[in-house]
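**Q** My structure is below; once you've seen it, I'll send some questions.
Computed from the coordinates by the stated procedures, all read-outs in this text should not be read as laboratory data. Nothing here was measured: the structure is a model prediction, and the numbers come from that model. FYI the Cβ positions are ideal-geometry reconstructions off the backbone, even for glycines, and counts take in every protein chain you see.
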Amino acid sequence: MVGEVVREVWRLFRARFWRTLIIVALLLAPLELGVQIVDPDLDSDDWWLWVGTSASLIVIAFPWVIGAVIHDVAVEDRTPTDAYRKTAPRLPDLMISALVTTVGILLGTIALIVPGVLLMARWALVVPLIVVEAAPWREALARSNELVRGRTWGVVAIFVVLTVIGAALVAAPVLLGYFVLEGIIGAWLATLAIDTVSVALFSFAPFVLYRRLTA
């Protein structure tokens with residue numbers, strides 16, 4: 001299963017890269033630029049702007065953009081903005097599920113790395129279930145756990161392979177941004193490259209797994 005899923009994810013990545021880049025940039029580009037512009041020095045008077053912008057990225061932007069990318073590949077939205085418009089009603093469930101899974105995975109990782117990794121795998125299908133089936137977040141967590149049961153380590157292996165692929169893909173943009181362009185623009189472009197690749201790979205992988213495990 002691992003090789004087949006990775007190949008399918010890679011096919012989607014190549015076929016939909018520019019479309020995914022537009023979807024990611026619509027929401028994350030201005031927020032990431034704001035994070036780079038605002039001084040993160042907590043001693044300054046503007047520290048709350050940086051905290052607020054960073055919190056918006058984590059709590060709202062990333063769950064929404066991943067949901068939008070999955071919705072776009074699932075139903076072939078007419079335009080990139082349609083992907084956001086049609087997933088907007090699911091945003092509360094996406095946000096809550098993101099908070100719950102993040103906290104659970106972090107606690108599991110802190111306690112003993114393996115539980116955190118297992119939870120990440122067991123909850124891999126949460127976003128497709130919320131976006132495609134309109135499942136409430138609690139139901140999505142429970143159903144994802146059941147669908148992945150018995151295939152947990154295979155799912156872990158898929159994400160490990162995709163992480164390695166993603167790291168290789170962003171190496172050049174990161175070096176270019178941080179060491180050649182430098183400054184705010186360089187850091188912004190490097191971060192946007194990381195966002196695009198990671199969102200693409202870790203949106204397509206759950207979608208491919210969802211399609212296979214619910215077929």
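**Q** So for the stretch 2-213, taking the charge dipole from beta-carbon charges (+1 Lys/Arg, -1 Asp/Glu), which of A172, V156, V197 sits furthest toward the positive end?
**A** Farthest along the dipole direction, towards plus: V156.
**Q** Quick one: order S54, S144, S198 by neighbouring beta-carbon count within 10 Å, fewest to most.
**A** Lowest count first: S54, S198, S144.
**Q** Would you work out the charge dipole size for the stretch 91-161 about its Cα centre, treating the Cβ of every Lys and Arg as +1 and the Cβ of every Asp and Glu as -1, and quote it to the nearest 20 debye?
**A** It comes to approximately 180 debye.
**Q** How long is the gain from A215 to E139 if the chain were fully straight, where each residue apart is worth 0.36 nm and the alpha carbon distance is subtracted?
**A** Working it through step by step, the gained length comes to 25.5 nm.
**Q** With the crude spin-label approximation of a point 7 Å out along Cα→Cβ, what separation in nm comes out for L91 versus A168?
**A** Going from the L91 label point to the A168 one covers 3.8 nm.
**Q** Given 37 °C and 0.692 mPa s, compute D for the chain with the Stokes-Einstein relation, Rh being the Kirkwood radius over Cα pairs; round to the nearest whole µm²/s.
**A** Rounded to a whole number, D works out at 183 µm²/s.
**Q** OK, next. Specify which residue in the list L147, I66, S54 is farthest towards the positive end of the charge dipole of the stretch 2-213, using unit charges on the beta carbon of Lys, Arg (+1) and Asp, Glu (-1), about the Cα centre.
**A** Farthest towards the positive end: L147.
**Q** Hey, another quick one. Place a +1 charge on the Cβ of each Lys and Arg in the chain and a -1 charge on the Cβ of each Asp and Glu, then give the dipole magnitude about the Cα centre in debye, rounded to the nearest 20. Please report the intermediate quantities before stating the final value.
**A** Numbers: 16 positive and 18 negative charges, 245 e Å.
Here the size comes out at about 1180 debye.
**Q** Would you order D72, D82 from fewest to most other beta-carbon atoms within 10 Å of each residue's own beta-carbon?
**A** With the sparsest Cβ surroundings first, the list reads D82, D72.
**Q** Based on alpha-carbon centroids, what's the gap between the stretch 163-196 and the stretch 197-215 in Å, whole number please?
**A** After rounding, the separation between the Cα centres reads 24 Å.
**Q** Hey, another quick one. What is the calculated FRET efficiency for L106 to R78, with r their C-beta to C-beta distance and R₀ = 25 Å, to the nearest 0.05?
**A** 0.10
**Q** Which one of L33, V208, L21 has its Cα pushed farthest toward the positive end of the charge dipole of the chain, where Lys and Arg give +1 and Asp and Glu give -1 at the Cβ?
**A** V208
**Q** Rank these for me by crowding, I58, I194, going from fewest to most other beta carbons within 10 Å. Intermediate results must be reported in sequence, preceding the final value.
**A** Numbers: I58 13, I194 18.
Going from least to most buried by this count: I58, I194.
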